[in-house]
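What follows draws every value from the coordinates through simple rules; no lab data is involved. Since we're looking at a predicted model, the values are computed, not measured.
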Amino acid sequence: MDLMEAISQLEMNDELHEARILILLRSFAGVEGTGAIEGLTKLAKLDFLLRYPTMLKRALEKRGKSTKVVQLKEYEEASVESMMVRYRFGPWDHRYRRFLNLLVAKGLSELVVDGRTIKIGLTKKGLTYANKLAEYKDFAEVARRAETLKTHFDLKGTHLMKFIYESFPEILSLSPNEVIKL
């Protein structure tokens with residue numbers, strides 16, 4: 001199996017995406033597990049920065065923050081392991097609703113509708129599972145970067161969307177539904 005085939009198989013692995021989302025939600029849930037990410041738009045923008053560590057590094061630079069926490073690996077600078085597409089509101093994965101529904105069905109996440117906003121949080125079972133995932137060596141980078149997102153990018157969804165557009169204008173040059181290859 002060549003590298004591109006291996007990457008493609010990882011991309012199709014729902015459990016890998018679910019694990020990353022759980023770790024991201026864990027960072028926003030807090031120690032008590034009661035916090036949530038407000039809205040799919042915010043989730044998508046945070047996940048964009050988590051999936052593309054080179055973009056997280058650029059975003060931190062744009063905000064005048066230290067990039068040491070990213071600890072970008074050499075292979076990460078030239079590869080994209082998870083594909084997203086240019087959507088109406090920026091980077092987006094068409095599978096978010098499926099991933100969230102799977103997490104809810106497994107009793108790991110909960111969605112609460114508040115007006116027109118969906119609050120995406122963890123159940124107690126989800127927090128326990130996410131904490132265990134974060135302890136694994138293979139997810140340590142993801143967990144550290146997710147905490148960085150909570151610290152530096154816990155903005156309202158629309159503010160985060162505008163920040164992404166301003167920081168990564170090359171995304172705007174893509175056609176809608178075009179795969180982001182950065």
Amide H contacts under 5 Å for Thr123, restricted to residues at least 5 apart in sequence or on another chain and with H modeled in the peptide plane, are Ser109, Glu110
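What's the extension gain from Thr54 to Ser167 if we count 0.36 nm per residue and subtract their Cα-Cα distance? Present the calculation step by step, with values, prior to reporting the outcome.
Working: separation 113, 0.36 × 113 = 40.68 nm, distance 1.23 nm.
Roughly 39.5 nm would be gained on extension.
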Using only the Cα atoms of the range 96-175, build the gyration tensor, take square roots of its eigenvalues as a ≥ b ≥ c, and label the shape rounded, prolate or oblate: rounded if a/c is under 1.5, else prolate if a/b is larger than b/c, else oblate.
oblate
